[in-house]
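First comes the structure, then the notes that go with it.
The values are calculated or read from the model by the stated rules, or taken from the named source; none is laboratory data. This is a predicted model, so every value here is computed, not measured. When we count neighbours, we look across all protein chains shown, and the Cβ atoms used for this are built from the backbone with ideal geometry, even at glycine. SASA here: full protein model, heavy atoms, side chains in, ligands and nucleic acids out. Shrake-Rupley method; radii C 1.70, N 1.55, O 1.52, S 1.80 Å.
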Amino acid sequence: MLHTQFRSNKDTKNLGVEEFLKALRQYCILFTSKEMLWTEFQAIYQMLNGRTLPIQNIANKIKQYQMQLPCISN
């Protein structure tokens, strides 16, 4: 989805692989990050439609919805 959004955005569609990889790195968690912060993040749960889901599932859904919306401005 990130690649599709990157290629369909008029500001980024003519950029190359290197720029796409830079954008992709924003969504990756570094292996050098502190495990304590990651463990705390993994312990968060959120209710969605009567179901309790891990917060990373909710964050992924929000990001997917955001990518589906048209870009209004930078």
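Details
- Qualifying residue in segment 32-39 (condition: open to solvent by less than 100 Å² (accessible area, probe 1.4 Å) and of a type in the set (V, I, T)): yes
- Taken over segment 1-22, residues that are under 17 Å from Q68 (Cα atoms) and surrounded by 12 or more Cβ atoms within 10 Å (Cβ to Cβ) amount to 7.
- Test for I72: is it of a type in the set (A, V, I, L, M) and either open to solvent by 100 Å² or more (accessible area, probe 1.4 Å) or in contact (Cβ under 8 Å) with a residue 60 or more places away in the chain (or both): yes
- Among (1) surrounded by 12 or more Cβ atoms within 10 Å (Cβ to Cβ); (2) out of contact with any helix residue (DSSP H, G or I) (no Cβ under 7 Å at 6 or more places or on another chain), the one test that C28 misses: (1)
- Cross-chain or 6+ apart pairs with Cβ under 6 Å, segment 1-13 first and without any contact (Cβ under 8 Å) to a residue 60 or more places away in the chain and within 18 Å of I72 (Cβ to Cβ), then not in a helix (DSSP H, G or I) and not small (G, A, S): F6/T12
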